[in-house]
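This report concerns only the one structure given below.
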Amino acid sequence: AGPSGLAAALCFAEVGVDAVIIEARSSPHSAPSAHVINRRTLEIFRSCGAHDLVMAAEGAGFPQDGLQFVRKVAQGQVGEWTSSNAVEALRQVAALQPPEFPSKRVAGTRLSPAGGQLNLAQPRLEAVLADVLRKRHPSRRHVRYGCLLESFVQEDGFVCATVVVGEERGSARCQVRCRYLLGCDGARSMVRERLGIQMETTVPQINAAAYDPKGGIIQHHSWIYFSADLRKHFRSSYGPALYWYHADTISGLIINYNGGTEWVMHAPLFPEEEAHPRDWTEEECIRRVADALGEHPLDLKIKARGAWQMTCNVATSFQVGRVFLAGDSCHRFPPSGGHGQNTGVQDVHNLAWKIAAVLRGWASPMLLD
């Protein structure tokens, strides 16, 4: 029940289509992940009644300090990229266009009633979307945790799915019969695998030396989720969206996860030369974070660590019959710009109204092809 799945259930409910999310995890997502919500996604949330609660969620905010380049956080910035930089760039581009050119009129103005790009940790966004589902559409149990999609077949205008209920060996199985199935099951999508859909990549053209043909991997990264109050380094109340750091032993970035006290530090990982982050000691994690910060805050606490792979892939098809792919299951991006979470939400919003139109008979099934 990630952002794509929850957004799908919400979008379907808003247009009067019953939907249920089959979620293998026993509880909501808690590990650090996406954090950027762009204007178009906020507009979709606005249309589903979720916008105000998303904006008011704990840790949500608009990073006024932009992206800061530092050697170490405590040593101050050496460069930045802010929204004001972007607005000025738009103005400069607009000045080169004829007077009637649209960008001349919109440069530097508010582009959407939903607001600008929001910073909000993915687990908190998921909690908000689940809460909106419960409150706006209370008659249905939308998310079934601890349920695993084992298999599915398409027959007689339906999709028949076999679902394992419970995590223990010998757990019960049940059959779910539905008109359509959406695979919002992430980068290692079982739905995509069962459909026989392959992933393509342009990585060889981007970085041939790092290309891994098994998964289109651009680079391996470590992450360390930590808490520390770094607000004394801010120039505004919410601080920067992230710091690009160039410390003594390594370079990477530190993402602002809640506006001042929760952070996720990322750095390149070389699996053949160093241990997996899950095997790092608490002391090793603290050493790495302190090196990037340029200080050892008294309240520094390591909350979790792990590894991930930067990829760049797209599926050869997003659909087979009545089964669709959405989000990371059909397209995977490098993290710059926060496109992964946002395109997933936009995928399912696009599918929801089209499927509703076909089910109600005022659109041909060709609309879904």
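The values are calculated or read from the model by the stated rules, or taken from the named source; none is laboratory data. The shown structure was predicted, so the numbers you read here are calculated from the model rather than taken from an experiment. Note that we place each Cβ from the backbone using ideal geometry, even for glycine, and neighbour counts take in every protein chain shown. Each accessible area value is taken on the protein alone, full model and side chains, heavy atoms only, with ligands, DNA and RNA left out. Shrake-Rupley method; radii C 1.70, N 1.55, O 1.52, S 1.80 Å.
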Test result for ASP279, in contact with a Lys or Arg (Cβ under 9 Å, 6 or more places away or on another chain) and farther than 30 Å from ASP369 by Cα: no
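Per-residue answers, yes or no, for (1) under 27 Å from the mean Cα position of the chain (by Cα); (2) at pLDDT 90 or above:
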site: GLN77; (1), (2): no, no
site: TRP81; (1), (2): yes, no
site: SER84; (1), (2): yes, no
site: ALA94; (1), (2): no, no
site: VAL106; (1), (2): no, no
site: ARG110; (1), (2): yes, no
site: GLY115; (1), (2): yes, no
site: GLU126; (1), (2): yes, yes
site: LEU129; (1), (2): yes, yes
Within segment 354-369, considering residues that are outside any helix (DSSP H, G or I) and either touching a Lys or Arg at 6+ places or on another chain (Cβ under 8 Å) or among the aromatic types (Phe, Trp, Tyr) (or both), the one surrounded by the fewest Cβ atoms within 10 Å (Cβ to Cβ): TRP362
Residue match in segment 243-256 (condition: free of Cβ contacts under 8 Å to residues at least 12 places away in the same chain, of a type in the set (A, V, I, L, M), more than 26 Å from ILE37 (Cα to Cα) and open to solvent by less than 70 Å² (accessible area, probe 1.4 Å)): no
Lone unmet requirement of (1) at pLDDT below 95; (2) open to solvent by 50 Å² or more (accessible area, probe 1.4 Å); (3) within 25 Å of GLY196 (Cα to Cα) for THR311: (2)
Residue match in segment 164-172 (condition: open to solvent by 40 Å² or more (accessible area, probe 1.4 Å), within 30 Å of LEU359 (Cβ to Cβ) and at pLDDT 95 or above): no
Segment 320-345: number of residues that are more than 30 Å from ALA267 (Cβ to Cβ), of a type outside the set (Lys, Arg) and open to solvent by 20 Å² or more (accessible area, probe 1.4 Å): 2
Breaking point among (1) touching a Phe, Trp or Tyr at 6+ places or on another chain (Cβ under 6 Å); (2) modelled with pLDDT under 55, for GLU100: (1)
Segment 205-234, residues that are under 17 Å from THR261 (Cβ atoms) and either outside any strand (DSSP E or B) or at pLDDT below 90 (or both): ALA228, ASP229, LEU230, ARG231, LYS232, HIS233, PHE234
Any hit, segment 231-246, residues being farther than 30 Å from ILE197 by Cβ, aliphatic (A, V, I, L, M) and in contact with a Lys or Arg (Cβ under 9 Å, 6 or more places away or on another chain): no
Search result, residues across segment 32-61 that are more than 19 Å from VAL345 (Cβ to Cβ) and open to solvent by 20 Å² or more (accessible area, probe 1.4 Å): GLU58
Test: GLU282 is modelled with pLDDT of 95 or more and farther than 30 Å from LEU351 by Cα: yes
